[in-house]
Amino acid sequence: MASLLQGRLPVNQDVLLMQKGTLMRKVRSKSWKKLRYFRLQEDGMTVWHARQVGGRAKPSFSISDVETVREGHESELLRSLAEEFPLEQGFTVVFHGRRSNLDLVANSVEEAQIWMQGLQLLVDFVTSMDQQERLDHDWFQRGDKDQDGRMSFQEVQRLLHLMNVEMEQEYAFQLFQAADMSQSDTLEGEEFIEFYKALTKRAEVQELFENFSADGQKLTLLEFVDFLQEEQKEGDRASDLALELIDSYEPSDSVSPPLHTLGKLRHVLSVDGFLSYLCSKDGDIFNPACLPVYQDMTQPLNHYYINSSHNTYLVGDQLCGQSSVEGYIRALKRGCRCVEVDIWDGPNGEPIVYHGHTLTSRILFKEVVATVAQYAFQTSDYPVILSLEIHCSWEQQETIAQHLTEILGEQLLSTTLDGLLPTQLPSPEELRRKILVKGKKLRTLEEDLEEEEEEELESELEREQEAGLELEAQSEAETQELSPRSKDKKEKKSTPIMCPSLSTLVVYMKTVSFHSFTHSREHYRFYELSSFSETKARRLIKEAGNEFVQHTAWQLSRVYPSGLRTDSSNYNPQELWNAGCQMVAMNVQTAGLEMDICDGLFRQNGGCGYVLKPDFLRDTQSSFHPERPISPFKARTLLVQVISGQQLPKVDKAKEGSIVDPLVRVEVFGIRPDTTRQETSYVENNGFNPYWGQTLCFRVLVPELALLRFVVKDYNWRSRNDFVGQYTLPWTCMQQGYRHIHLLSKDGTSLHPASIFVHICIREGLEGGES
């Protein structure tokens, strides 16, 4: 396998020196700083470490796990140790998902540069590899226990257990011998690939192919068009699409000898091309048309669901967890558009951010602002909302306003877009690359704009006086006339709760207390918004669901987790979305079902953090009630045939000999009557290519609000079934027909090549079935 990548692996002086190994300091905290020997393996794909040079080594990380490499000055931990270690000698390895960063300090600037440049070179290389190359390499590395670049039959047997394959030894040996072209009793490079191909033949795909192929060898253009129309429900575009798909997925040199010179030129599809299509983004259950920004982004902000984070600074629990700017980096990079900042008085006149009255650690507010400025628009160009919870003195509020203004600069929205009083909230499109402040405000937006106008007129009058115009008396009269609230101004000289310089930075997001929906309608303005605890929001949905829907059609609302969730657990956001709540704040540091649902909704529309609400949640006269929808709505019947699974990962990697007993659970989340789940039976001892062939039926009243979650579990009769993988998506982004569902880990990272193969059929109206 080493020979397979040898020609492509980028080898330069940095990589060669990394393969010789380097003694570096691993840093976990100000007090935990230990020397470790790090060495890049010969394969160029894995880094091992040992306590000392020549000591017993163990895997540290795979290059495919690394997202990026940061310089030392970008790490808040390394910055805190700058007096002990020069920042130029430090660097940070950032991993995909929620895995903690790895902070390292080299013995010299040169050694740090070698590792930073070498790692980034390899990360870029892995990113450029296609998934099959990466997969072949990963499996070989896991199976080649002695790392000699060859795999014996004994190692192959071990690999089969790692791959969740239970196979008779005699049959496994036949496959091994067939692939061992060199007759060396080992598999190398291309031999392993042939063995792997023999293992992964798909009988159910072959059968489907033959159902539409007249000769069982190929699909003609017309046969493929029939398949796309009848099964994949592609409609009128099937003919053009068929040509595009053949061009994209038919191998240039088909594996099947009769088709060696055909394929693309003859507009036919071999079984290999057919399988490539089914496993691609075009054959995915998620409609590729929903991947880019495809929704209307010119409607008022209150017409969108907004990806929102709660206590963003925390990367752990709510009582003793660590506060870190890394929380903001991760939230913004995963598409959050509303992040929360709890600000308190800090030492030396500098405001700090932490969860007040707890043992959580503290970080400087100005570091949070600098981090937001750097990462706000790396994932999405649409506006970021800073939800400020301010508990500071007047002086430190002034400092907050100063940091926001100076650090964010042009990114900060400090007045209305055109300087005039608007009649509705601006759109995400109008607010591109702008950062909005959400918080308390001393006055109304009207008063702010009026004062700005007064100040402009006063400045103009002063300029006229300086020019020698004798308008003193008139000027004084005009100034008095333009200041009808002079009495109010005198009264406001007493210290207000909030300093004016900070108050004026709140433009479209003034927070106000909620009393009742009637009170809000009669006393509040469209740019004011209220926050609700999850408990209060749920109660209001039950008591006045339709009023809540009408309220969120004209005014923004934010929902936050209960204070009892000290472990940073989450609530189900779906029932709040059903009422039109825009900012349903989540503890994004905590993986699980609730975050799967949140990620599922915001996976669409370019992952930009804004999703347009259904039209019945944007109508201030809407009759929709999230608990009791008027029937029939746009009811549908969903039939999910769960066909097979592919290369499902082991749940407990510590148990080398154990093999999963997989089952598939399909869950629907939506309005209460639509929320349900069903599951298949389990397949015993087969995680490699389990077959179910079972159909599940769901009746859905309001599909526009529904999300589907496909979960693979490892059956365990003694306890709860163990989680294997999942994938969640909106109903509106689901493709019909034969589709693959590519599974994600509990952390939301890809489990490639793990997938399940299904057939999706949606029918109008309600038919029989469990719900």
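The values are calculated or read from the model by the stated rules, or taken from the named source; none is laboratory data. Since this is a predicted model, take the numbers as computed values, not measurements. Please note: Cβ atoms are built from the backbone with ideal geometry, for glycine as well, and neighbour counts cover all protein chains shown. When the accessible area is computed, the model is the full protein with side chains, heavy atoms only, and any ligands, DNA or RNA have been set aside. Shrake-Rupley method; radii C 1.70, N 1.55, O 1.52, S 1.80 Å.
Let's see if you can work this out: charge +1 on each Lys and Arg Cβ, -1 on each Asp and Glu Cβ, no other charges. What is the dipole magnitude of segment 653-771 about its Cα centre, in debye to the nearest 20?
So the dipole magnitude of segment 653-771 works out to roughly 200 debye.
Find which of F526, G118, H96 sits farthest along the positive direction of the dipole of the chain, computed with +1 on the beta-carbon of Lys and Arg, -1 on that of Asp and Glu, about the Cα centre.
It is H96.
Quick one: how many Å² of F192 are accessible to a 1.4 Å probe, rounded to 10?
0
Ranked by accessible surface with a 1.4 Å probe, highest first, in what order do D317, D284 come?
D317, D284
Largest first, how would E453, E250 line up by accessible area (1.4 Å probe)?
E453, E250
Could you compute how much accessible surface L87 exposes when probed at 1.4 Å, giving the result in Å² to the nearest 10?
Number for this one is 50 Å².
Take T399, T312 and sort them by solvent-accessible surface of the protein heavy atoms, 1.4 Å probe, largest at the top.
T399, T312
Working from Cα positions, state the angle (0 to 90°, nearest 10) between the long axis of helix 534-554 and the longest principal axis of the chain.
Once rounded, the angle reads 70 degrees.
Heavy atoms only, probe 1.4 Å: what % of the accessible area of the chain goes to carbon and sulfur, would you let me know?
About 48 percent, which is the carbon plus sulfur part of the accessible surface.
Apply the Karplus parameterisation 6.51 cos²θ - 1.76 cosθ + 1.60, with θ equal to phi minus 60°, to every residue of segment 610-620 and state each ³J(HN,Hα) to the nearest whole Hz, in sequence, with x for glycine and proline.
Residue by residue, segment 610-620 yields 10, 10, 5, 6, x, 4, 6, 9, 10, 10, 5 Hz.
If eta is 1.306 mPa s and T is 10 °C, what Stokes-Einstein diffusion coefficient results for the chain, Kirkwood Rh from Cα pairs, in µm²/s?
54
For the chain, give me every cysteine whose Cβ has no other Cys Cβ within less than 4.7 Å, ordered by residue number.
C279, C320, C336, C338, C392, C499, C581, C598, C608, C697, C761
Among 287-298, 65-76, what's the highest-first ranking by average C-beta atoms within 10 angstrom per residue?
Highest to lowest by the protection proxy: 65-76, 287-298.
Under a point-charge model restricted to the Cβ atoms of Lys and Arg (+1) and Asp and Glu (-1), what is the dipole moment magnitude of the chain relative to its Cα centre, in debye to the nearest 20?
Dipole of the chain, to the nearest 20 debye: 2880 debye.
Using a Cα distance threshold of under 17 Å, what count of lysine pairs results for segment 625-771 when pairs must be 8 or more residues apart or interchain?
6
Using the alpha-carbon atoms, what tilt in degrees (0 to 90, nearest 10) does helix 109-128 show relative to the longest principal axis of the chain?
70
Given P59, L301, L388, which one lies farthest toward the positive end of the charge dipole of the chain, if we put +1 on the Cβ of every Lys and Arg and -1 on the Cβ of every Asp and Glu?
With unit charges placed on the Cβ atoms, the residue in question is P59.
I'd like the accessible area for I630, computed on protein heavy atoms only with a 1.4 Å probe and all protein chains in place. Round to 10 Å², please.
Accessible area, nearest 10 Å²: 100 Å².
Does anyone have the angle between helix 169-179 and the longest principal axis of the chain? Alpha-carbon axes, 0 to 90°, nearest 10?
Helix 169-179 sits roughly 90 degrees off the main axis of the chain.
So if I place +1 on the C-beta of Lys and Arg and -1 on the C-beta of Asp and Glu, and nothing else carries charge, what would the dipole magnitude of segment 67-111 be about its Cα centre? I want it in debye, nearest 20.
So the magnitude is around 320 debye.
Here is the link list: K58/K366; K542/K613; K333/K441; K441/K536. Which ones come out longer than 32 Å on Cα distance?
Where the Cα-Cα span goes over 32 Å, the pairs concerned are K58/K366.
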